[in-house]
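Structure first, commentary second.
Each value in this text was obtained by applying a stated rule to the coordinates, not by laboratory testing. Model, not experiment: these values are computed from the prediction. Because the Cβ atoms are built from the backbone with ideal geometry, glycine has one as well, and the counts that use them run over all protein chains shown.
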Amino acid sequence: MIQYALVTKQDELSKKIAQEIKDGLKEIANYNQEKPDLVISVGGDGTMLTSVHQYLNQDVGYIGVHTGTLGFYTDYLKDEIDELIMAIKNNQYKINHRNLLEVSVYRHGKKDTYLALNEMRIDYGFVTQVINVYIDDELLEVFRGNGLCVSTPSGSTAYNKSIGGAVIYPGTPLMQLTEVAPIQHNAYRSLGASMILDANRVIKLESNHFKCVSMGIDNLHFDFSDVEKIEIRIATKTVNFIEYRSMSFIQRIRRAFICE
Ligand code: NAP
Ligand code: MN
């Protein structure tokens with residue numbers, strides 16, 4: 001029997017939909033919060049980010065139900081629960097491997113590693129951030145501005161898009177470095193465009209401002225002191241999204257951003 005868990009956004013509608021799923025799966029699957037094969041996220045894309053971080057150390061497949069409008073990580077809508085139950089029962093699916101970023105934070109002579117599904121970002125608007133940006137140990141620029149964002153293809157439609165980055169068609173392991181409010185004038189200049197890099201590259205960030213740094217990883221937020229450097233690369237680990245039915249990426253983009 002399939003072992004499944006639910007991660008539910010804590011609003012009334014999502015809780016109601018989660019109960020509907022539990023009832024529908026009664027004969028088909030076993031609820032197992034600790035060791036599931038399938039994690040069903042009920043809420044929004046943000047709920048899926050929570051789900052992925054919760055089960056990051058286990059080998060699970062993810063499927064999402066959106067209780068609002070269609071999302072990028074959520075394939076089913078709240079009125080399609082019967083269809084989802086049937087799909088789980090039929091157990092026919094494709095696996096969609098999504099890339100993660102590996103973010104290494106060096107401080108006090110040791111390294112802490114974080115994984116990101118959408119992006120990592122350093123973003124602080126009250127004092128200009130001065131950040132030396134290296135690609136494979138070669139200096140690219142001394143960036144001045146609010147901050148920097150490095151996103152995955154999955155994350156390209158999230159924060160990255162809001163700050164003018166490109167949307168990346170899924171399927172290729174790439175990472176995108178995008179500037180947040182760069183200062184561009186006679187004295188200070190940075191690239192002023194997003195840079196897209198492959199899995200062989202490493203982005204290294206160093207700064208005198210890293211005595212105290214705020215870093216966002218997906219829906220999580222960390223405050224660090226005395227950071228020596230931050231390295232970002234495409235992780236070897238991927239996360240498995242279950243596709244019981246496929247929707248083209250272009251259709252998803254159209255529904256989310258261009259028209260109903
Ligand atoms: P949130 O503040 O609810 O997220 C902001 C919006 O981003 C929500 O509408 C969320 O969808 C959507 N979103 C998340 N991942 C996405 C993806 N891969 N593609 C397209 N849209 C996506 O916070 P949250 O729900 O915890 O999500 C955290 C993420 O929000 C961060 O990783 C960051 O990318 C994004 N974010 C964006 C901005 C911005 O655009 N200015 C600011 C803060 C955070 P749902 O409503 O379905 O959750
Ligand atoms: Mn959200």
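In degrees between 0 and 90, to the nearest 10, how far off the longest principal axis of the chain does helix 81-90 point, with axes built from Cα atoms? Here the helix axis deviates by roughly 80 degrees. For the stretch 99-236, the alpha carbon convex hull comes to 101 Å³ per residue, rounded to a whole number.
Candidate cross-link partners of Lys78 among the aspartates and glutamates, defined by an alpha-carbon separation under 15 Å and a same-chain spacing of 8 or more, comprise Asp11, Glu12, Glu20, Asp23, Asp45. Taking a ≥ b ≥ c as the square roots of the Cα gyration tensor eigenvalues, the stretch 1-151 comes out prolate, since a/c reaches at least 1.5 and a/b is larger than b/c.
When the helices of the chain are scored as -39500 (n - 2.57) per DSSP H run of n ≥ 4 and the total is divided over every residue, the value at 222 nm lands at -4500 deg cm²/dmol. Remark: relative contact order (the stretch 99-236) = 31 percent; criterion is Cα-Cα distance under 8 angstrom and separation of 6 or more residues.
Comparing Ser194, Ile242, Phe210 along the charge dipole axis of the stretch 150-260, the residue lying farthest to the positive side is Ile242, per the Cβ-charge model.
In whole angstrom, note down how far apart the Cα centers of the stretch 84-108 and the stretch 205-246 are. Measuring centre to centre over Cα atoms gives 17 Å.
Simple point charges give the picture: +1 on the Cβ of Lys and Arg, -1 on the Cβ of Asp and Glu, and for the chain a dipole about the Cα centre of about 140 debye.
Within the straight-line cut-off of under 18 Å between alpha carbons, the lysines reachable from Lys211 are Lys110, Lys111, Lys229, sequence neighbours fewer than 8 places apart in one chain being disregarded. Taking all Cα pairs closer than 8 Å and separated by 6 or more residues, the relative contact order of the stretch 201-242 comes to 43 percent.
Each Lys and Arg Cβ is given +1 and each Asp and Glu Cβ -1; about its Cα centre, the stretch 99-236 then shows a dipole of about 140 debye. Ranking Thr172, Tyr106, Gly147 by Cα position along the charge dipole of the stretch 99-236, where only Lys, Arg, Asp and Glu carry charges on their C-beta atoms, puts Gly147 farthest toward the positive end. For Arg252, Arg245, the sequence from fewest to most other C-beta atoms within 10 Å is Arg245, Arg252. Here the contact order of the chain, divided by its residue count and restricted to Cα pairs under 8 Å and six or more residues apart, works out to 19 percent. Across the chain, the volume of the C-alpha convex hull divided among the residues equals 137 Å³ per residue. Helix 12-25: angle to the longest alpha-carbon principal axis of the chain, degrees 0 to 90, nearest 10? Its long axis makes an angle of about 50 degrees.
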